[in-house]
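Sharing a structure below in structure tokens format, with a few things to ask.
What follows is calculated from the coordinates using simple rules that are stated; it is not laboratory data. Only a predicted model underlies this, so the values are computations on that prediction, with no experimental measurement involved. We place every Cβ from the backbone using ideal geometry, glycine too, and count neighbours over all the protein chains shown.
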Amino acid sequence: MARMILRRLLLLVPILFGISIVSFVLIALSPSDPAEVAIRVNAMVPTPELIAQTRHELGLDEPMLTRYVHWLGGVMSGDLGRSYVNGRAVAAEIAEAFPATVYLALVTLALILVISLASAVICARYENRLPDKFVRLMIFLTSALPGFWAGLLLMWLFAVELDWLPTSGMRGPESVILPAVTLSLAYVSTYARIVRAEMIRTSHENWVLFARGRGLTDARLTVHVLLNSLRGAATALGMSIPKLIAGAFVVESIFAWPGIGRLCITAIFNRDFPIIQAYVLIMAVLFVLFNLASDVFVAWLDPRERGG
């Protein structure tokens, strides 16, 4: 197990280096001039002299390789640069917005796990019967809704018509319910189908027949079958957790959630390249690290994977 983890950690070095190059170059090749955008955002007239001065202050007049080396050195020391628009440290901007997104992602993840596992157990226990067909139909209908449309429908029903929940902002614990439900709809069907298929396949194995012959109760047998069916879901979960963080910008925009996705949307409109580069880099690193964590978890569940 330790050798597998060490081998995967060593492979992360070239991967992260490649991610840093891609995240910097793609943003740096943008045709728009961030110096001119920064001048216009601050309500100033972009004269050629002021543009040249701003480009010099932002370091945009240096060669791309020099800018990349400076940026990479700052990233390795924890300095993600400064915003082109307000001059604040990018790390401080992200540190303020990141907890709200993590909070939303954790609540969403809890909803996904509870609903998908419960749905999978019901579908597997009543395979091809009425409860199985009804649950799969409901999951299919909810997952077919686009995220932005589902969010607007939930906002109209529970916030406008029933006045049960707030429409926007991060005012209290109840504020996270609508964004979390909206964000979870696209994932519940995936995990419910994966776990259901694995549970049905596992329930036909010989050890299940042996356990049932020994007189094991249905409840305990269901727990054992469920635990032995989490391998495929664990692998998918490793990619879904960073997707919950990176893909929350639509939901954050709809519900005015003060998270990192909304910060990135604002930075895109303002051509604030340091924030965009930091966002792309952080999300890519999260994908790589959570993928590693899921592989380690799968290896812990199944020792046969440790030599792969």
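How do S253, S77, S229 rank when sorted from fewest to most other Cβ atoms within 10 Å of their own Cβ?
Neighbour counts put them in this order, fewest first: S77, S253, S229.
Compute the signed sum of charges (Lys and Arg +1, Asp and Glu -1) over the other residues within less than 15 Å, Cβ to Cβ, of K133. Mind showing how you got there, number by number?
Values: positive: R125, R129, R136, R193, R196; negative: E127, D132.
In short, +3.
I'd like the orientation of helix 130-143 relative to the chain: the angle between its Cα long axis and the longest Cα principal axis, in ° from 0 to 90, rounded to 10.
0
How many angstrom lie between the C-alpha centres of the stretch 3-31 and the stretch 33-79?
If you average the Cα positions of each part, the centres end up 24 Å apart.
Once a ≥ b ≥ c are taken as the square roots of the eigenvalues of the Cα gyration tensor of the stretch 146-250, is the result rounded (a/c under 1.5), prolate (a/b larger than b/c) or oblate (a/b not larger than b/c)? It would help to have the intermediate numbers written out before the result.
Details: a/c = 3.44, a/b = 2.39, b/c = 1.44.
Cα axes put the stretch 146-250 in the prolate bin.
Can I ask one more? Could you give the size of the charge dipole of the chain about its Cα centre, using +1 on the Cβ of each K and R and -1 on the Cβ of each D and E, expressed in debye and rounded to the nearest 20?
The dipole of the chain has a size of about 1400 debye.
Just to confirm the filter: which trypsin sites (Lys or Arg not before Pro) across the stretch 186-226 are DSSP coil and have at most 10 other Cβ within 10 angstrom of their Cβ? Walk me through the numbers on the way to the answer.
Values: sites: R193, R196, R201, R212, R214, R220; in loops: R214.
Filter output for the stretch 186-226: R214.
Give me W71, W149 ranked fewest to most by other Cβ atoms within 10 Å of their Cβ, as a rough exposure proxy.
The fewest-first ordering by Cβ neighbours comes to W149, W71.
Still on this structure: Mind ranking 111-121, 89-99, 272-282, 12-22 by how tightly packed they are, going by the mean number of other C-beta atoms within 10 angstrom, highest first?
Numbers: 111-121: 19.5, 89-99: 16.7, 272-282: 23.4, 12-22: 13.2.
Going by the mean number of other Cβ atoms within 10 Å, highest first, we get 272-282, 111-121, 89-99, 12-22.
On a full-extension model of 0.36 nm per residue, what is the gain between L9 and A144, subtracting their alpha-carbon distance, rounded to one decimal in nm?
Between L9 and A144, full extension yields 44.8 nm more.
Could you tell me whether the chain comes out rounded, prolate or oblate from its Cα gyration tensor? Rule is a ≥ b ≥ c as square roots of the eigenvalues, rounded for a/c under 1.5, then prolate if a/b exceeds b/c, otherwise oblate.
Oblate, since a/c reaches 1.5 and b/c is not below a/b.
Another question about this same structure. For Cα pairs less than 8 Å apart in space and 6+ apart in sequence, what is the mean separation divided by the residue count of the stretch 98-307, i.e. the relative contact order in percent?
It rounds to 26 percent for the stretch 98-307.
Which trypsin sites (Lys or Arg not before Pro) does the stretch 104-160 hold that lie in a coil by DSSP with at most 13 other beta carbons within 10 Å?
R129
At F134 and L106, where each label point lies 7 Å from the Cα along Cα→Cβ, what is the point-to-point distance in nanometres?
Going by the 7 Å Cα→Cβ label model, 3.5 nm.
Among E161, E36, E127, which one moves the most in a GNM of the chain with springs linking Cα atoms closer than 10 Å?
E161
So what's the back-of-envelope 222 nm ellipticity for the chain, counting only DSSP H runs of four-plus at -39500 (n - 2.57) apiece and dividing by all residues, rounded to 500?
Mean residue ellipticity at 222 nm (helix-derived): -24000 deg cm²/dmol.
Taking 8 Å as the Cα distance limit and 6 or more residues as the minimum spacing, I'd like the relative contact order of the stretch 147-209 as a percentage.
Contact order relative to length: 26 percent.
Based on the Cβ-Cβ distance from F269 to R201, what FRET efficiency comes out when R0 is 51 Å, to the nearest 0.05?
With a Förster radius of 51 Å, E is 0.60.
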